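To keep things clear, I will list the structure first and then write my remarks on it.
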Amino acid sequence: MGAAGDWLERKARSPREVTVPVVRLTALMRSYTNGQTLVAVNGGTVRAAVDDLLRQFPVLRPHLCNAKGELRPFVNLFVNQENIKTLDGMDTVLSEQDQVLLMPSISGGSQPRSKK
């Protein structure tokens, strides 16, 4: 099934309680999950899955959420390699086979040296 068919299938699902692995790719995130790369969470939507992740590992909250409890803008979430921004955002419905990838943006580094 193509991308359009996948999207339609996802839209047809209703949220329910499911178990979904959340994948952490950065060493920084793994340091807050006791070294785990995959964490099983419960949630029928991305929002519920993230809430369960934060329930299991409250130390992640200040790194992922602002003072209002909203996801920080530099935190990117993907469901099966699709950015949730192109789906239904935090309300994207999940199935038991879906994988949620949590990937904070990385910035910084040094300024390029000017040639003299």
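The number of residues in the stretch 45-55 being surrounded by 19 or more Cβ atoms within 10 Å (Cβ to Cβ) and either over 16 Å from residue 76 (Cα atoms) or among the small types (Gly, Ala, Ser) (or both) comes to 3.
Inclusion of residue 43 among residues that are touching a residue at least 40 places away in the same chain (Cβ under 8 Å) and not β-branched (Val, Ile, Thr) is warranted.
Values quoted throughout were computed directly from the atomic coordinates according to the rules given, and no laboratory measurement underlies them. Bear in mind the structure is a predicted one, so any value in this text is a computation, not a measurement. No Cβ is skipped: glycine too gets one built from the backbone with ideal geometry, and neighbour counts run over all protein chains shown.
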